[in-house]
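Engineer: Dumping the structure here so I can ask a few things about it.
The values are calculated or read from the model by the stated rules, or taken from the named source; none is laboratory data. Keep in mind it's a predicted model, so treat the numbers as computed, not measured. Reconstructed Cβ throughout: ideal geometry from the backbone, glycine too, with neighbour counts over all protein chains shown.
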There are 2 protein chains.
Amino acid sequence: MQKNHRPEEEGFTVTPWEVEGDIDYEKLIEDFGTEDLNQDLLDRIEKMVGDTHFMLRRGIFYSHRDLDRILDDHEEGKKFALYTGRGPSGHTHVGHLMPWIFAKWMQDKFDVDLYFQLTDDEKFLFNFDSELEDTYSYAIENAKDIIALGFDPDKTHIFIDTDFIHQLYPLALKVGKRLNFSNVKAVFGFDNSTNVGSIFYTAIQSAPCFLPTELEGEEVPVLIPCGIDQDPHFRLTRDIAETIGYTKPALLHNKLAPSLDGTGKMSASQPKTTIFTTDKPEDVDEKINEAFTGGRISAAEQREKGGDPSICAIQNYRYYIFESDDEKVDSIAERCRKGDILCGECKQLLKENINRFLSEHQERREKAEKMLDDFLVKDCEQEFRS
Amino acid sequence: MQKNHRPEEEGFTVTPWEVEGDIDYEKLIEDFGTEDLNQDLLDRIEKMVGDTHFMLRRGIFYSHRDLDRILDDHEEGKKFALYTGRGPSGHTHVGHLMPWIFAKWMQDKFDVDLYFQLTDDEKFLFNFDSELEDTYSYAIENAKDIIALGFDPDKTHIFIDTDFIHQLYPLALKVGKRLNFSNVKAVFGFDNSTNVGSIFYTAIQSAPCFLPTELEGEEVPVLIPCGIDQDPHFRLTRDIAETIGYTKPALLHNKLAPSLDGTGKMSASQPKTTIFTTDKPEDVDEKINEAFTGGRISAAEQREKGGDPSICAIQNYRYYIFESDDEKVDSIAERCRKGDILCGECKQLLKENINRFLSEHQERREKAEKMLDDFLVKDCEQEFRS
């Protein structure tokens with residue numbers, strides 16, 4: 001088993017339920033035992049699909065497990081499916097959209113099915129004060145955001161765990177039988193006070209790795225685009241996959257979207273430094289106004305010495321999500337460093353960008369409400385492409 | 001938490017998955033913290049339903065938790081439901097029928113619904129070499145035996161866990177969130193090598209305690225007739241029931257049916273000393289012929305000194321299951337002690353008794369195959385009395 005990050009050792013923590021401190025992403029590759037998403041692989045993808053994505057180019061997706069195997073298979077005409085998920089602890093924030101936008105690009109380019117898990121059970125089990133009814137409601141809210149991104153309803157299967165457990169449970173049992181308390185303790189840092197639902201939960205998150213194979217009646221391995229913080233789950237899945245007769249899931253890991261205060265990851269539990277997809281323009285304006293930047297103490301000093309875009313939350317938002325044009329990102333950074341643009345103007349540009357995006361997204365989100373049945377697969381009424 | 005039995009301490013083990021040694025049932029009442037099923041309670045039942053059952057009279061059901069509360073409620077016209085179960089690790093043996101026969105009597109006398117859980121998941125998780133497909137098949141086989149006993153299809157809801165998990169899972173999550181590894185470790189003797197499915201499993205066995213309340217939309221507490229070995233599960237359930245908004249389940253515990261070799265409990269894993277409901281007359285004859293008795297070394301000595309029915313497996317079979325007439329049980333014991341009946345004749349009487357029962361049971365069991373749909377409730381197609 002690879003080790004888990006604990007703050008006392010490394011100065012940062014990355015587990016599926018806790019991300020804290022200044023993350024050393026290269027160190028995570030080493031500690032988790034994943035592979036660097038190198039230029040050869042990026043070139044290969046570009047050659048295969050005739051396009052690239054800014055999140056690949058910029059190293060936002062930066063690490064993987066067995067992506068090369070998935071690409072080999074695809075070249076040989078073998079099927080694969082995408083699988084990703086979301087823990088519905090609250091409303092969707094723009095950081096969540098990042099890997100979903102990428103997943104949609106992958107679906108479009110590789111023409112594959114996407115299985116999207118909404119883990120209402122997980123968020124109920126891991127947050128003592130939560131109610132299952134609430135995490136379920138958030139799952140529905142989150143589903144609207146997923147749908148609003150324009151996924152293909154014929155190829156996209158969104159499921160909420162408690163709605164789909166009849167399908168998931170037999171697979172989770174097969175996984176759960178092969179993992180013991182020592183395994184999950186080592187990987188997640190559990191102890192004797194961890195509740196038994198949480199102890200079993202990783203088996204539920206593993207189950208969809210084998211679902212396409214079960215549903216399609218032929219081997220359909222999955223590729224999982226997800227935050228690097230989710231890797232521990234699938235490291236366990238990979239350890240036991242072959243023992244229970246399935247192919248190991250492949251992964252493509254992204255770095256976590258930064259928060260507006262410039263420290264750590266965008267988090268729904270810190271609403272003032274996080275932009276939600278349901279925010280109104282005035283909320284966005286206020287949050288951006290308060291954001292941490294690389295600006296100087298005075299306008300005069302900034303004009304003279306320039307700002308530091310490398311530590312700026314505004315520039316990060318552009319880089320990670322809101323500006324796909326590399327030249328625009330570079331040019332504004334350059335202007336900042338030269339003192340040609342001050343934080344006020346720079347923030348204004350981002351606000352316009354975000355509010356334009358959100359206005360469109362919220363319109364699509366409203367329409368998505370009526371499309372829920374086209375996307376949500378449930379026990380007793382699921383329909384899959386054969 | 002009450003302590004668990006370990007053989008090194010007490011000379012016997014009683015857990016839901018292991019029963020070994022010469023069980024001191026009174027000691028179990030003390031250690032598990034249950035109540036003696038005393039004469040007052042037996043009299044009260046007899047007065048309420050105008051009848052008694054030999055398993056009550058003989059102290060085969062001998063211990064309880066909150067039975068008095070259930071009887072109070074029933075007198076006040078409040079509802080309760082029966083809940084029992086079976087781990088489908090193999091074919092049903094006659095020892096399994098014992099509590100089921102009693103459950104049917106309770107259903108008839110109190111006119112209540114019975115929920116019957118078949119835990120294919122449990123037997124898959126706790127037996128490393130088992131396959132889920134096999135435990136599921138055995139669950140179907142076991143269901144035929146349950147139905148063959150004549151339960152009322154309108155009031156009897158049999159469910160196989162993997163067929164009914166959509167209903168069970170939300171309840172299991174609520175239980176599983178309130179139990180931690182320390183709790184299940186203390187009660188079941190788990191350790192770090194226990195698989196995470198087994199660690200969570202007790203929550204699945206707890207779920208049906210709250211199912212009647214959920215399905216009927218009003219408070220319907222359960223009374224669980226079950227082997228005393230199952231008490232640890234429900235001790236945990238009782239600890240957390242009120243915290244999650246439900247009434248504690250009540251229990252009525254039976255002693256475990258003895259094996260034909262005179263040591264320990266009847267067990268499907270020891271087919272030679274266990275009579276299965278699917279056994280042919282010649283199988284029964286052979287097993288009874290080999291059974292341990294309280295006979296003497298020679299016929300002459302036995303005629304002179306008499307036998308010892310108190311240690312005799314044949315007499316136990318009569319006492320526990322196959323002879324409801326107390327006088328007949330006593331009279332044969334008396335004849336044995338006096339040397340008036342030898343083991344051969346005594347065995348012959350039991351063989352006839354068992355083979356008559358099994359011949360009728362097997363006929364009903366065949367008909368039961370066509371009635372499975374009337375009894376088995378499943379996700380997506382369950383129908384309950386409102």
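Engineer: Scan the stretch B:263-280 and give yes if some residue there is of a type in the set (Asp, Glu), modelled with pLDDT of 95 or more and assigned to a helix (DSSP H, G or I), otherwise no.
Structural biologist: no
Engineer: Which residues, taken from the stretch B:329-367, are among the small types (Gly, Ala, Ser) and either assigned by TED's automatic domain parsing to the domain that holds B:ARG57 or surrounded by fewer than 16 Cβ atoms within 10 Å (Cβ to Cβ) (or both)?
Structural biologist: Correct list: B:SER331, B:GLY344, B:SER359.
Engineer: Also: Looking at the stretch A:281-313 only, could you name the residues that are closer than 23 Å to A:ASN353 by Cα and touching a residue at least 40 places away in the same chain (Cβ under 8 Å)?
Structural biologist: Those that are closer than 23 Å to A:ASN353 by Cα and touching a residue at least 40 places away in the same chain (Cβ under 8 Å): A:PRO281, A:VAL284, A:ASP285, A:ILE288, A:ASN289, A:ALA291, A:THR293, A:GLY294, A:GLY295, A:ILE311, A:CYS312, A:ALA313.
Engineer: Suppose we filter B:LYS351, B:LYS347, B:LYS370 for residues that are free of Cβ contacts under 8 Å to residues at least 40 places away in the same chain and part of a helix (DSSP H, G or I); which single one remains?
Structural biologist: B:LYS370
Engineer: Determine, yes or no, whether A:PHE200 is over 18 Å from A:ASP379 (Cβ atoms), assigned to a loop (DSSP other than H, G, I, E, B), within 14 Å of chain B (Cβ to nearest Cβ) and not small (Gly, Ala, Ser).
Structural biologist: So A:PHE200 does not fit the description; no.
Engineer: Another question about this same structure. Taking the condition in contact with a helix residue (DSSP H, G or I) (Cβ under 6 Å, 6 or more places away or on another chain) and within 13 Å of chain B (Cβ to nearest Cβ), does A:ALA172 pass?
Structural biologist: Considered against the rule, which asks whether it is in contact with a helix residue (DSSP H, G or I) (Cβ under 6 Å, 6 or more places away or on another chain) and within 13 Å of chain B (Cβ to nearest Cβ), A:ALA172 comes out as yes.
Engineer: Considering A:ALA186, A:ALA257, A:ALA250, A:ALA241, which residue is within 13 Å of another protein chain (Cβ to nearest Cβ) and among the small types (Gly, Ala, Ser)?
Structural biologist: A:ALA186 is the lone residue from the list that is within 13 Å of another protein chain (Cβ to nearest Cβ) and among the small types (Gly, Ala, Ser).
Engineer: Within the stretch B:239-262, can you find the residues that are surrounded by fewer than 20 Cβ atoms within 10 Å (Cβ to Cβ) and touching a residue at least 40 places away in the same chain (Cβ under 8 Å)?
Structural biologist: Selection gives B:ASP239, B:ILE240, B:THR243, B:ILE244, B:LYS248, B:ASP261, B:GLY262.
Engineer: So for the stretch A:293-310 (the condition being among the polar types (S, T, N, Q) and within 14 Å of chain B (Cβ to nearest Cβ)), does at least one residue qualify?
Structural biologist: Looking for residues that are among the polar types (S, T, N, Q) and within 14 Å of chain B (Cβ to nearest Cβ), one finds none in the stretch A:293-310, hence no.
Engineer: Can you go through B:THR84, B:THR135, B:THR92 and tell me which one is closer than 22 Å to B:GLU219 by Cβ and among the polar types (S, T, N, Q)?
Structural biologist: Every option except B:THR84 fails the conditions.
Engineer: Moving on to the next point. From the list B:SER193, B:SER206, exactly one residue is at the interface with chain A (Cβ under 7 Å from one of its Cβ atoms) and without any contact (Cβ under 8 Å) to a residue 60 or more places away in the chain. Which is it?
Structural biologist: It is B:SER193.
Engineer: Oh, and also: Take A:SER198 and tell me if it is under 23 Å from B:GLN205 (Cα atoms) and in contact with a strand residue (DSSP E or B) (Cβ under 7 Å, 6 or more places away or on another chain).
Structural biologist: The answer is no for A:SER198.
Engineer: Restricting to the stretch B:314-328, name every residue that is among the hydrophobic types (A, V, I, L, M, F, W, C) and either crowded, with 22+ Cβ neighbours inside 10 Å or assigned to a loop (DSSP other than H, G, I, E, B) (or both).
Structural biologist: Result: B:ILE314, B:ILE321.
Engineer: State all residues of the stretch A:142-169 that are within 7 Å of chain B (Cβ to nearest Cβ) and touching a His at 6+ places or on another chain (Cβ under 7 Å); if no residue qualifies, say none.
Structural biologist: A:ILE165, A:HIS166
Engineer: Moving on to the next point. If we scan the stretch A:131-138, do we find a residue that is within 14 Å of chain B (Cβ to nearest Cβ), polar (S, T, N, Q), crowded, with 22+ Cβ neighbours inside 10 Å and under 16 Å from the mean Cα position of the chain (by Cα)?
Structural biologist: No, the stretch A:131-138 contains no residue that is within 14 Å of chain B (Cβ to nearest Cβ), polar (S, T, N, Q), crowded, with 22+ Cβ neighbours inside 10 Å and under 16 Å from the mean Cα position of the chain (by Cα).
Engineer: Right, something else. Among the residues of the stretch B:165-175, are any among the basic types (Lys, Arg) and either at positive phi or touching a residue at least 12 places away in the same chain (Cβ under 8 Å) (or both)?
Structural biologist: Yes - at least one qualifying residue is present in the stretch B:165-175.
Engineer: Hey, can you tell me all the residues within the stretch B:209-231 that are assigned to a helix (DSSP H, G or I) and within 14 Å of chain A (Cβ to nearest Cβ)?
Structural biologist: The one that is assigned to a helix (DSSP H, G or I) and within 14 Å of chain A (Cβ to nearest Cβ): B:GLU214.
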